[in-house]
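Read-outs: derived from the displayed coordinates by stated rules, not from any lab. No experiment lies behind these values; they were computed from the predicted model shown. Heads up, the Cβs are rebuilt from the backbone with ideal geometry, glycines too, and the neighbour counts pull from every protein chain shown.
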């Protein structure tokens, strides 16, 4: 079955991202497809390359990156929700005259249209909200 | 899914204490702009989004009522609230914006019993 994930919880504040990650690995291990992960609302913080948890804790951004590298899962981040919360790519940083950015590949800033497309393309869109 | 055009966006959070309402409405507006037929269902605290004459709130966000008021321009004219929500929150229908259709318990159940695309905010 084709799955898509919508992640709307922030890492280290809410269990949603970790649950989503475990769910992603579980479905892939059972031979299902994961068409994409979309980060919206507070979930955009998952993409921050500046997150620095203690070394003995999971770095959830790195875990998402590994999911992408191992399984080619697209990691799309809502641009409006991200910019509002200070999650900014290099090109957006340049556009706004900022000296720093914290969103890099494989995460990609994109519009909500991408979420709608993901929902229509997969058979199950699972939301991880809190 | 055969009715891929048909999207229901469920709003469960009140205005002003989070960004759930704003970002839920954004998703509904984008879907409508992309040509999907969108229904909004305001459940529980979410029904407070429909109270008319509300102002911008304390958290420095823009008011959401202007967005609610322009939903019709996006051809989102299905604004639903369960009867049960109105009863529980003691909100008279007259204190909500125009065009809200209250739904009985069986009508709400019927909405969920058909295959359709749903977002929960």
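What is the number of the single condition among (1) touching a helix residue (DSSP H, G or I) at 6+ places or on another chain (Cβ under 8 Å); (2) away from chain B (no Cβ under 14 Å); (3) loosely packed, with under 15 Cβ neighbours inside 10 Å; (4) under 28 Å from residue B:25 (Cβ atoms) that residue A:64 does not meet?
For residue A:64, the failing item is (3).
Can you tell me which residue among A:79, A:60 is in contact (Cβ under 8 Å) with a residue 24 or more places away in the chain, in contact with a strand residue (DSSP E or B) (Cβ under 7 Å, 6 or more places away or on another chain) and under 30 Å from residue B:21 (Cα atoms)?
Of A:79, A:60, the one residue that is in contact (Cβ under 8 Å) with a residue 24 or more places away in the chain, in contact with a strand residue (DSSP E or B) (Cβ under 7 Å, 6 or more places away or on another chain) and under 30 Å from residue B:21 (Cα atoms) is A:79.
If residue A:111 satisfies every condition in (1) crowded, with 16+ Cβ neighbours inside 10 Å; (2) within 23 Å of residue B:34 (Cα to Cα); (3) in contact with a strand residue (DSSP E or B) (Cβ under 8 Å, 6 or more places away or on another chain) but one, which is the exception?
For residue A:111, the exception is condition (1).
Filter the strands (runs of 3 or more DSSP E) completely within the stretch A:70-130 down to those with at least 3 residues that are within 21 Å of residue A:21 (Cα to Cα) and within 14 Å of another protein chain (Cβ to nearest Cβ).
Passing ranges, in order: A:75-78, A:124-128.
Just need a number here: residues in the stretch A:1-50 that are in a loop (DSSP other than H, G, I, E, B), more than 14 Å from chain B (Cβ to nearest Cβ) and closer than 15 Å to residue A:130 by Cβ. Quick ask: steps written out before the conclusion?
Quick first cut of the stretch A:1-50, residues in a loop (DSSP other than H, G, I, E, B) only: A:1, A:8-15, A:30-32, A:40, A:48-50.
Add one more test, that the residue is more than 14 Å from chain B (Cβ to nearest Cβ), and what stays is A:11-12, A:15, A:30-32, A:48-50.
Imposing the further condition that a residue be closer than 15 Å to residue A:130 by Cβ reduces the set to A:11-12, A:15.
Counting residues in the stretch A:1-50 that are in a loop (DSSP other than H, G, I, E, B), more than 14 Å from chain B (Cβ to nearest Cβ) and closer than 15 Å to residue A:130 by Cβ gives 3.
Of all strands (runs of 3 or more DSSP E) completely enclosed by the stretch B:1-110, which ones contain at least 3 residues that are over 22 Å from residue A:113 (Cβ atoms)?
B:78-82, B:100-103
Of the residues B:7, B:41, B:48, only one is within 13 Å of chain A (Cβ to nearest Cβ) and either touching a residue at least 24 places away in the same chain (Cβ under 8 Å) or over 8 Å from the mean Cα position of the chain (by Cα) (or both); which?
Exactly one residue qualifies, and that residue is B:7.
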